[in-house]
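Here the structure is laid out as structure tokens; the discussion comes afterwards.
The values are calculated or read from the model by the stated rules, or taken from the named source; none is laboratory data. Everything numeric in this text was worked out from a predicted model, so none of it was measured. Positions of Cβ are backbone-derived with ideal geometry, glycine not excepted, and every protein chain shown enters the neighbour counts.
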Amino acid sequence: MSGARAPVAAAELRILGEYRGLLFVDKPAGLQTEPDARTTDTLLSRLASQLREPAARLHALSRLDTGVSGVVTFGLSPDANRLVQGWREEGRFRRRYLGLASSPRGTPDAPGTSEVKTGSWSESIGRASGSLRSIGGRNPEPAHTDYARIASASLPRAAPSALHLIALAPLTGRTHQLRVHCTAHGLPLLGDRAYGGASRFISDSGAVTALDRIALHAAWVELPLSAPFRIESPTPAFFLEIWRAFGGDLAAFEEARRIALPAVPSAAPPSAAFGGEQD
């Protein structure tokens with residue numbers, strides 16, 4: 001864990017896998033996915049440089065916020081782009097996210113319980129102030145997230161005093177979807193200051209650590225081939241260090257990756273194809 005956010009070092013990007021013109025890249029937290037008017041040093045620009053390809057040839061088929069890490073899918077051809085678009089429209093492009101959340105309004109379940117809680121969130125999401133989103137909001141769009149609360153851990157004198165490891169599977173891709181849904185259900189993600197997440201961690205001993213990223217990680221995507229092809233990104237040290245500090249069992253991360261969530265692929269609406277970010 002670290003203090004103030006620093007620029008992301010220009011290390012070589014990790015290519016997690018490829019298939020028929022698709023590249024799956026491990027995005028570090030702190031790096032924007034695509035360029036805009038203010039930022040040109042991005043995942044896309046670095047990947048283009050690494051591949052020695054024109055940036056215009058690369059198309060980000062999934063997008064993660066700057067503070068989020070994990071698998072991002074890039075298409076290198078119109079055929080590859082159409083392939084993913086078709087899977088999305090059919091609801092067959094499966095994704096799994098890991099999140100660490102606190103519960104400032106009281107823990108949803110007693111920390112330490114071994115019972116896994118699963119369910120679905122389906123509140124519509126619309127625009128709020130600035131670039132933020134909210135349940136309802138202006139011009140709301142349907143949004144659906146399947147989730148599992150895998151485990152909880154607590155430190156009586158720490159702040160926040162309780163953490164929850166959650167697995168998340170979005171069926172739609174609305175901007176800030178996972179972050180908004182988590183906050184709306186009393187589980188703001190650590191480091192997600194925009195949506196009420198804790199901006200720092202105070203240990204039992206009183207040591208203060210600033211949280212310089214959002215505790216949300218795109219752990220895998222799965223392609224609907226004859227034998228499902230899953231591309232995975234390792235769990236960041238950031239997650240493991242915090243969970244270990246709370247006395248959590250690291251084996252819970254493997255369960256969060258593997259647990260079957262109650263998603264019904266055929267239920268995903270066509271409008272899910274290209275949300276602002278897939279989290």
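Can you say whether A143 is in contact with a Phe, Trp or Tyr (Cβ under 9 Å, 6 or more places away or on another chain) and assigned to a strand (DSSP E or B), as far as the supplied structure shows? Taking the combined requirement at face value, the residue does not satisfy it.
In segment 24-32, the condition of being at pLDDT below 95, part of a loop (DSSP other than H, G, I, E, B) and not aliphatic (A, V, I, L, M) is met by no residue. The set of residues from segment 229-247 being at pLDDT below 95 and assigned to a loop (DSSP other than H, G, I, E, B) comprises F246, G247.
You will find that of A267, A251, A256, the residue that is aliphatic (A, V, I, L, M), exposed (fewer than 15 other Cβ atoms within 10 Å of the Cβ) and modelled with pLDDT of 85 or more is A251 and no other. Name the single residue, out of those in segment 203-228 being modelled with pLDDT of 95 or more and β-branched (V, I, T), that is nearest to F24 (Cα to Cα). Selected residue: V221. Working only within segment 209-235, note down all residues that are within 16 Å of A256 (Cβ to Cβ) and crowded, with 18+ Cβ neighbours inside 10 Å. Within segment 209-235, A215, L216, H217, A218, A219, W220, V221, E232, S233, T235 qualify. Cβ-Cβ distances below 8 Å connect no pair with a first residue in segment 93-104 that is free of Cβ contacts under 8 Å to residues at least 24 places away in the same chain, a second residue that is in a strand (DSSP E or B) and buried (at least 24 other Cβ atoms within 10 Å of the Cβ), and a separation of six or more residues or different chains.
Matching residues to (1) in a strand (DSSP E or B); (2) more than 15 Å from the chain's Cα centre (by Cα); (3) modelled with pLDDT of 95 or more; (4) under 25 Å from E90 (Cα atoms):
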| site | (1), (2), (3), (4) |
| --- | --- |
| S120 | yes, yes, yes, yes |
| Y147 | yes, no, yes, yes |
| A151 | yes, yes, yes, no |
| F201 | yes, yes, no, no |
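Whenever a residue of segment 199-217 is on the phi > 0 side of the Ramachandran plot, its partners that are at pLDDT below 90 and surrounded by fewer than 13 Cβ atoms within 10 Å (Cβ to Cβ), lying with C-beta atoms within less than 9 angstrom and at least six residues away or across chains, give the pairs G206/R157. When the residues of segment 17-44 are filtered to those that are surrounded by fewer than 19 Cβ atoms within 10 Å (Cβ to Cβ) and of a type in the set (S, T, Y), the one that is farthest from L76 (Cα to Cα) is T39.
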